[in-house]
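Written below as structure tokens is the structure these notes are about.
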Amino acid sequence: MPTRNDPVCSGFLILAAMCLIPSPPCRAFILLSHSSSRLYEAGQTYTYDYFTTVTLDEPNGRFSSSTKNVGYQITADVHVQSVWQNPTQRLLQISLDNPYLFVRSRKAPTPEGFAVHSSGLSSLPRYPLYVVWSPGNVSTVFYVESDSRTLVNMKKGIASLFQYELTAKTTEEVDTSGLCQVSYLGDAVAERVIVKKKRSCRVSEDSNMVPHPIPALSADVISDIGAFYTFTREEAIIEEVKSQEKHSLHVHAWKDAAGRVMSDQHLKLTGTSKNAGAIDAATLENAVEQLSHRLGRKLVSETLQVEAEIKRHPENYPNFDQLVDRLRDGLGTNMTGTIRSASFFLRLLVKAREETAETLAKVLRASKNKPILPVLIDVMAGAQAVNAHKAAMAVLDFKSSKVDLVERYLWAVAVTPHPPEEILADVFRVTQGNVPSEKLGETLLLSLASLAHRFCNEESKCQKEIVIRIRYFLRGELKKCKELDCKLRYLRALSNLRSVENVDLFLRYIEKDERKVGVAAAKALQMLPLGYFDSKSLNALEQIYAQLRKKHDSTVQAIAADILLRKDPPIDRLAFMLSTLSEQDSHELRTFVAERIRDLTRLDPDLQRKLSFLLADDTKWCGYNLWAQRGRSTAFTRYLYDDVGRGSNGTFVAAMELGGGMIKRIKFDVNVGEENSLSTLLTLGVFARGLHSFSNKHTAVDPEDADESATAGFELSLLGSQLRPFVFFSGAGELMGHLWSGTASSRTPALQGTYVLHDHRQKIPLSNGVVAELSLLGGVSLDLGGQIEMSLWYKTAHSVIDEKAAFVIRGYAVADTPFVESRLEFSLAADSELRLNADSDFSDKTVMCMRMSQPELVLKHKVRKWEHIVGQKHKLHKSLKRMRLVPGRTFVMNQKNSQLCNVMFGGKS
């Protein structure tokens, strides 16, 4: 006999520790084989006790024990017999007797245990399932056509337990979980036990959604599926199976928003008996025909994969129009930026996906809905459904001079995570048509490119004809451009396409075209993922930064430096960047690069290690000429929140570039995610040119700015999609008109809308045949606006940019059947505000103070669980509310900004 140090015994102990039951002692060597003729031989009925449990709860973590789980258990007697066989195959009949439903009840023998309850399960027909079984493999099943889909699925779950191997191997199998990669551990030939682990299970395309194009907003689904088999000593048939699986869903950026469905199966042999039910037939086909005749029912064949039961809404379920009426108070534009607005948006979005285009269009055209039409347009875009798109297109007028509503739809549809091909094709069609408005024409281009990028998020779709045509169209039109504005439009559109093929294109335009085109191409490069840059493109950026081929705008150089520093620079490249801190012509550029190095080394331990090595290796890198720059440009990262979502955080990255003492460019990125994998949700860029005439006589004019006319505005990227620039004024005449009329002195909305943050819908067939569903839907309601006040007499200016935003994330874990329903719902919600104040005094020496503040933020986390027996009074509800306060704060910019604020406000900034 093997001892505890023997490999067989040691291996088994490890396997048992990994699995579901404690390890039995090592036993004498026995021999099992799939080829044994005694495996479920005809004339014998094998009876098993069977139960399966489904529970819903929060995943393991700090909240997992806060509330008890909900769920149900089903028990039955299972009879297995071979009704036909040949030397290589058997036709096994699997029958269920005495099925009972157990639910959570205080009457249970143990606290929070299960107690039997009457249900519709007992009234369902009990036809057998026939399984074509080659020892250890199930190829086909036959069932009565009129049988309950739920019971067919349940019997398929039992049949899947009869699919196994006896020795360690890795293979691919189809069962109730789908097409799975399966690993078998152990050796049943020697020890009568085997462990089965399933992973990477794939089902139909409709059941699994593709990942979100923004990683931080993706839904992470973690699955763990395993089974432990024990076989009888004499006949090598299944003596006992214990299986368990867990499927957890959480938001990548906020891990506390999570749900989990768990399932157990237990099959245990209780006895055998003789029977005389075998079919005498020459072939399998003949045997199935005889069984069909015996039952008086048609038998149909399928694989082990299950199909979900079709769900029907209750009679009092509201239609879209009725739901709009119920939620009307929260749909006005005055509610934008509130939790209520985002929550109502999600409720309408789900319903809009179910309606016809005609029904939706009728609601959009109704006069009573005119005041809330902008929000309904957001819903049509967020639905990502062809019918909703058709309804919106039937109402929107692309020929009108009033383009606000059309642009609102295009902005909203451009940031949807999973746009259908039909919507992409229709936007392409409209883009190629005659669009009178230049603003709308550019918005169409930007939206088309963003839609193509998001459609291409699933790699197989990137080679579709529509995507290839859009790529050729955008690049071809750019090549045709002769005018500056035309080039800028198509460069911005190509930046939304996010294609690695465009890296060389953008670099070429930086090097060979005029300054403004080079700036636009550099900004497009900065929006690309760092993984797109190879050694060739990085060397090109280094040459651009060093101006080896031609003189570039300082903004282009700053962007090139930023990319080089973020792309894990080797020590020699970092040394080169340090050497330029005393060589570049622009002291503002030198200041910006020095500040960016400081900021990135604080965040990146690897970059910090490289910089420390250089500083210790040669004292020339420590001089004041490198680090004590006199400019006021800056770059820094600050936390908006930290560890609110267990390991996740939110930051904003600010970059401010000055020229001639005046603001030239400000860029703010709002990021969320984990420390090493942050994703940008919002980018706000403020630009200004030609304002030197408003500066004082002591400030030198930026040479790049000398011939520019007065221009200012901002650029916005939302959820990775760039919008067209918003220009405040273009030319001194327009600027003076604003100043005299005071049109900019009151808050002016720049962007209002409600957008889809998360959208994940996934059906997960459990091993027991129940089809669970995990879904996640999130929305953000955003109100971005600003105002500016300027005094020509006192030579001062005060501007405010504020962003009001509210997000709601709602997730579900559902395991419903026609006779019992069990659900878990979790939600996370918060509303916040970010305010940027900029004050300037250019009466003597130009002094500017910037202050950014965030009021306190309350994160609201709710969990609801419930179960209900259909047709019975039994209902169980459990709920829990949690709140997390993130204190308000005013963010420190840098030391120079603090000093200037003290000068302007006497230390009270």
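The values are calculated or read from the model by the stated rules, or taken from the named source; none is laboratory data. Because the structure is predicted, anything quoted here is derived from the model rather than measured. Cβ coordinates were reconstructed from backbone atoms using ideal geometry, including for glycine residues, and neighbour counts include every protein chain displayed. Remember, those area values only see protein heavy atoms, side chains included, never the ligands or the DNA or RNA. Shrake-Rupley method; radii C 1.70, N 1.55, O 1.52, S 1.80 Å.
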Given only helices, namely DSSP H runs of n ≥ 4 each adding -39500 (n - 2.57), what is the per-residue ellipticity at 222 nm of the chain, to the nearest 500 deg cm²/dmol? -9000 deg cm²/dmol
Anchor Lys610: aspartates and glutamates whose Cα lies under 15 Å away (excluding residues fewer than 8 positions away in-chain): Asp568, Asp572, Asp599, Asp618
Once the dipole of the chain is set up with Lys and Arg at +1 and Asp and Glu at -1 on Cβ about the Cα centre, which of Leu880, Thr303, Phe473 lies farthest towards its positive end? Leu880
For the Cα atoms of the chain, what angle does the longest principal axis make with the long axis of helix 339-352, in degrees from 0 to 90, nearest 10? 50
I'd like the distance separating the alpha-carbon centroids of the range 473-546 and the range 382-428, in whole Å. 27
Accessible area of the range 793-909 belonging to carbon and sulfur atoms, whole % at 1.4 Å probe: 52
Shape of the chain from its Cα gyration tensor (a ≥ b ≥ c, root eigenvalues): rounded if a/c is under 1.5, otherwise prolate when a/b > b/c, or oblate? prolate
In the range 368-453, what trypsin sites (Lys or Arg not before Pro) fall in a loop by DSSP, with at most 10 other Cβ atoms inside 10 Å? Lys402
What's the magnitude of the charge dipole for the chain around its Cα centre, counting Lys and Arg as +1 and Asp and Glu as -1 at the beta-carbon? Answer in Debye, nearest 20. 1420
Hand me the GluC sites (Glu not before Pro) from the range 133-228 located in a DSSP loop with no more than 16 other Cβ atoms within 10 Å, in residue order please. Glu145, Glu205
Taking θ as phi - 60°, what are the ³J(HN,Hα) couplings along the range 321-326 by the Karplus curve (6.51, -1.76, 1.60), each to the nearest whole Hz, with x for Gly and Pro? 4, 5, 5, 4, 4, 5
Pairs of Cα atoms under 8 Å, at least six residues apart: use those to get the relative contact order of the range 205-324, whole percent. 16
Please give the length that would be gained between Arg312 and Ser134 if that part of the chain were fully extended, namely 0.36 nm times their separation in residues minus their C-alpha to C-alpha distance (nm, one decimal). 60.2 nm
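Quick check on the range 382-494: take the gyration tensor over C-alpha atoms, sort the square-rooted eigenvalues as a ≥ b ≥ c, and tell me if it's rounded (a/c under 1.5), prolate or oblate.
Working: a/c = 1.96, a/b = 1.06, b/c = 1.85.
Oblate shape, in that a/c is at least 1.5 and b/c is the bigger or equal ratio.
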For the peptides 771-782, 608-619, what is the packing order when you average, over each peptide's residues, the other Cβ atoms within 10 Å and list the highest mean first? 771-782, 608-619
Most positive-pole-ward Cα, Phe533, Leu600, Gly178, against dipole of the chain from beta carbon charges: Leu600
Sketch the reach of a paramagnetic label on Arg602 as a point 7 Å from Cα along Cα-to-Cβ, and name the residues of the range 871-909 whose backbone nitrogen lies under 18 Å away. 889-901
Calculate the dipole size of the range 375-511 relative to its Cα centre from +1 charges on Lys and Arg beta carbons and -1 charges on Asp and Glu beta carbons; express the result in debye to the nearest 20. 280
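Enumerate by residue number the trypsin sites (Lys or Arg not before Pro) in the range 807-909 meeting two conditions: DSSP loop (anything except H, G, I, E, B), and at most 14 other Cβ atoms within 10 Å of the site's Cβ.
Filter output for the range 807-909: Lys845, Lys873, Lys908.
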Mind listing the phi-derived Karplus ³J(HN,Hα) values for the range 69-79, rounded to whole Hz, using 6.51, -1.76 and 1.60 with θ = phi - 60°, and x for any glycine or proline? 7, 10, x, 8, 9, 10, 10, 6, 9, 10, 10
Per residue, how much accessible area does the range 278-339 have with a 1.4 Å probe, in Å²? 65
Given axes a ≥ b ≥ c from the Cα gyration tensor, I'd like to know whether the range 440-569 is rounded (a/c under 1.5), prolate (a/b larger than b/c) or oblate. oblate
So for the chain: antiparallel DSSP bridges make up what percent, rounded to the nearest 5? 100
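Sequence gap at least 6, Cα distance under 8 Å: using those rules, report the relative contact order of the chain to the nearest whole percent.
Numbers: 1956 pairs, mean separation 99.9, N = 909.
For the chain, the relative contact order is 11 percent.
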Want the number for Ser730 to Arg328: 0.36 nm per residue separation, take away the alpha-carbon distance, what's left? 140.8 nm
With the cut-off at 29 Å, tell me which of the pairs Lys362/Lys878; Lys197/Lys298; Lys620/Lys896; Lys763/Lys875; Lys246/Lys865; Lys487/Lys550 have Cα atoms farther apart than that. Lys362/Lys878; Lys197/Lys298
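Between Arg297 and Lys516, how high is the FRET efficiency from 1/(1 + (r/R0)^6) when r is the Cβ-Cβ distance and R₀ = 45 Å? Nearest 0.05.
Values: r = 76 Å, r/R0 = 1.70.
According to the calculation, E is roughly 0.05.
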Please work out the average accessible area per residue across the range 750-880, using the 1.4 Å probe convention, and give it in Å². 36
